[in-house]
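These notes are about the structure you will find just below.
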Amino acid sequence: MDLSKFRKDFPMLRDGITMQGKPLVWLDNASTTFKPDCVIEAIERYYKHETSNSHRGDYDLAYATDMEILKTREAVAKFIGSKKEEVVFTSGATNSLNLVAFGYGAKYLKSEDEILLTEAEHASNVLPWFKVAEMTGAKIKYIPLTKEGRLLPENLEKVITDHTKIVAVAHITNVLGYQADIKALSAIAHKHGAVLVCDGAQSVPHIKIDVKDLDCDFLAFSGHKLCGPTGIGVLYGKYDLLVKTDPFMTGGGMNARFDMCGDVGFLEPPMRFEAGTLNLAGIYGLHAAIDYLMGIGMDNIEAHERELKAYAVAKLKDYPNVKLYNADSEAGILTFNIDNIFAQDAATYFNSKGIAVRSGQHCAKILTSFLGTLATVRASFYFYTTKEDIDCLVDAIAHSEDYLDAYFI
Amino acid sequence: MPTSFELTPEMMRAIIMDHYSSPRHKHDAEGEGYVSLHSSSVNCIDDIEVYLKLNKEGKVEDACWNGVACAISTASSDIICDLLVGKTEDEAKYLIEQYNHMLHEEPYDAEPLEEALAFKNTSRQAARIHCATIGWDAFNELIKGHKHE
Ligand SMILES: Cc1ncc(COP(=O)(O)O)c(C=O)c1O
């Protein structure tokens, strides 16, 4: 399926946006993604013609907002294969992971317990657990990765014990793009009485997700990485676990009743976790984004990105000065270095050609020791990425001996 | 502001490449009498330590730096070490001031900058100006600190 026809839906792709005077080549989709007209229009619709607060159904506009929240919850539920009561709106994946860590982890972990992570996790799936470990005395341990950086179920099997209460791993890792077999990992975790927390920030935007099939206990993701607005995200949790989870924030909109003597009754999930006024425009936009992705088809998106990845890997083979760290990972992510060019300098050089890539430690700071390099360059694709975008990247690599020119010319 | 001669892009590249591929002052301080400061960047991977030693007359006797740094921060930190040696505190402060003016496209005196003129166009990569100043800012702090002692 030719997905390039969708580019016309994106102002950032069709309006002649330039960087350093060159047509923009956007290869930083693992950081964030562009928004199609339908998403921008949904946000605008909320602000221009449907502004109201929610949960306050005293008049028609408020009722309409409540309905839109409900419809978005249903759309998300359909998108990931859950029930709508299992969809909690948050501000993003980071917020979702913190909610699990503090609302569930901090409540139930004891000092003899263990939390299992991997060295390839994003900081947002590491630091909340560090804090919870500090609060509860539980221990953090790492599931060993293969030497390429892949998480295999058999390696979880090796380190999990009956003290393990939490296994928190990325579905697709953000630096190398390896996809973990969440279904197998969940089964192992459950066998030992642990819950599996899946960081879906890099998977939900790119592959078809069915939480029932994956059988993960929690799943976190962000709207902005799937063509939706910033500041909106989702925590999915199995309903019985959400019931056992404490709110991370309290305030208006999440309590059923309270009196000044401190007697508080919290609402049932998901509203229990949605204190305060939600990012309502974000919810409108998220709904549009999910409808849009489902219109394209997640299978088509995944197939397209795999094809691009194979295309790019084959092209880079011609450049012995390029060290590619993840040729065989599933995701549309290329992580590489060019010989003798510090990653940060390479990114600046690409910038001078209008190409946006990410350099650095990509928030996965522990990975640097694992890869044996301090920093890498990451180019990441989405369904609107084209082979021409990759050709631009490769062409820039071919001329990279002049990389310092970015500063002079 | 204009210098008596203009650096060509080729000369700028040669200067930066030279200090990047073989920095002369990239090492920890050896011996006594140094003050040091750690400096890192949230935007880049740069993470360096700078060392400064003044002699009895208050002139810079030695300056060096060490750490992880990209081409621009390596070359700029190395070049300031070259330029600092032998300068009084006031001269050093003036040098750093002129350098900062240059990077921010303000009027500046090119005279003391010498090889640092190679960073004249760094402002074109606005996201990287901090790489050209990380070492300079750290030395500036050390020099200002000295004044107060
Ligand atoms: C694997 C992974 N987890 C979590 C996050 C955090 O997402 P956000 O910044 O949207 O909260 C990211 C974003 O880069 C990510 O790649």
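The values are calculated or read from the model by the stated rules, or taken from the named source; none is laboratory data. Treat the numbers as computed from the prediction; the structure is a model and nothing was measured. Cβ: placed from backbone, ideal geometry, glycine included. Neighbour counts: every protein chain shown. Heads up: the accessible areas ignore ligands, DNA and RNA and are worked out on the full protein's heavy atoms, side chains in. Shrake-Rupley method; radii C 1.70, N 1.55, O 1.52, S 1.80 Å.
Considering only residues that are β-branched (V, I, T), out of contact with any strand residue (DSSP E or B) (no Cβ under 9 Å at 6 or more places or on another chain) and closer than 11 Å to B:H25 by Cα, which ones fall in the range B:61-81?
The answer is B:I79, and nothing else.
Can you name the residue in the range A:356-406 that is of a type in the set (F, W, Y) and at pLDDT 80 or above and, of all such residues, is farthest from B:M12 (Cα to Cα)?
Residues of the range A:356-406 of a type in the set (F, W, Y): A:370, A:381-384, A:403.
Remaining after also requiring at pLDDT 80 or above: A:381-384, A:403.
Details: A:F381: 35, A:Y382: 38, A:F383: 41, A:Y384: 39, A:Y403: 13 Å.
Among residues in the range A:356-406 that are of a type in the set (F, W, Y) and at pLDDT 80 or above, the one farthest from B:M12 (Cα to Cα) is A:F383.
I'm told A:E157 meets every condition in (1) within 16 Å of the ligand (Cβ to nearest atom); (2) away from chain B (no Cβ under 14 Å); (3) surrounded by fewer than 24 Cβ atoms within 10 Å (Cβ to Cβ) except one. Can you identify the failing condition by its number?
Status for A:E157: all satisfied but (1).
Inside the range A:339-358, can you point out the residues that are away from chain B (no Cβ under 12 Å) and over 29 Å from A:I301 (Cβ atoms)?
Passing the criteria: only A:D339.
Restricting to the range A:64-100, name every residue that is without any contact (Cβ under 8 Å) to a residue 40 or more places away in the chain and small (G, A, S).
A:A64, A:A77
Which one of these is surrounded by fewer than 24 Cβ atoms within 10 Å (Cβ to Cβ) and free of Cβ contacts under 8 Å to residues at least 12 places away in the same chain: B:H130, B:H101? It would help to see each step written out before you state the result.
On the way: B:H130 fails: free of Cβ contacts under 8 Å to residues at least 12 places away in the same chain.
B:H101 is the lone residue from the list that is surrounded by fewer than 24 Cβ atoms within 10 Å (Cβ to Cβ) and free of Cβ contacts under 8 Å to residues at least 12 places away in the same chain.
Within the range A:54-64, does at least one residue satisfy the condition of being modelled with pLDDT under 95, open to solvent by less than 50 Å² (accessible area, probe 1.4 Å), in a loop (DSSP other than H, G, I, E, B) and not basic (K, R)?
Yes; the residues of the range A:54-64 include at least one that is modelled with pLDDT under 95, open to solvent by less than 50 Å² (accessible area, probe 1.4 Å), in a loop (DSSP other than H, G, I, E, B) and not basic (K, R).
Listed residues A:L127, A:L99; which is in the same structural domain as A:G200 (by TED's automatic domain parsing), among the hydrophobic types (A, V, I, L, M, F, W, C) and open to solvent by 60 Å² or more (accessible area, probe 1.4 Å)?
Details: A:L99 fails: open to solvent by 60 Å² or more (accessible area, probe 1.4 Å).
Being in the same structural domain as A:G200 (by TED's automatic domain parsing), among the hydrophobic types (A, V, I, L, M, F, W, C) and open to solvent by 60 Å² or more (accessible area, probe 1.4 Å) holds for just one of A:L127, A:L99, which is A:L127.
Please enumerate the residues belonging to the range B:8-25 that are within 15 Å of the chain's Cα centre (by Cα) and either away from every other protein chain (no Cβ under 14 Å) or over 14 Å from B:S76 (Cβ atoms) (or both).
Passing the criteria: B:R24, B:H25.
Sort out for me the strands (runs of 3 or more DSSP E) sitting completely within the range B:8-68 that have 1 or more residues that are among the polar types (S, T, N, Q) and open to solvent by less than 70 Å² (accessible area, probe 1.4 Å). First the steps, then the outcome.
Numbers: elements: B:35-40, B:47-54, B:60-68.
So the answer is B:35-40, B:60-68.
So, of the residues in the range A:199-248 that are within 11 Å of the ligand (Cβ to nearest atom) and open to solvent by 20 Å² or more (accessible area, probe 1.4 Å), which turns out to be nearest to A:F383 (Cα to Cα)?
The residue in question is A:K225.
If only one of A:T72, A:T94 is among the β-branched types (V, I, T), open to solvent by 60 Å² or more (accessible area, probe 1.4 Å) and within 22 Å of the chain's Cα centre (by Cα), which one is it? Full working, then the answer.
Numbers: A:T72 fails: open to solvent by 60 Å² or more (accessible area, probe 1.4 Å).
Every option except A:T94 fails the conditions.
Does A:N321 fit the bill of being away from every other protein chain (no Cβ under 14 Å), in contact with an Asp or Glu (Cβ under 6 Å, 6 or more places away or on another chain) and over 22 Å from A:R14 (Cα atoms)? Explain how you work it out, then say what you get.
Details: away from every other protein chain (no Cβ under 14 Å): yes; in contact with an Asp or Glu (Cβ under 6 Å, 6 or more places away or on another chain): yes; over 22 Å from A:R14 (Cα atoms): yes.
Judged against the criteria, A:N321 is a match.
Within the range B:106-127, which residues are away from chain A (no Cβ under 14 Å) and open to solvent by 70 Å² or more (accessible area, probe 1.4 Å)?
Listed by number, the residues that qualify are B:E106, B:P107, B:E111, B:E114.
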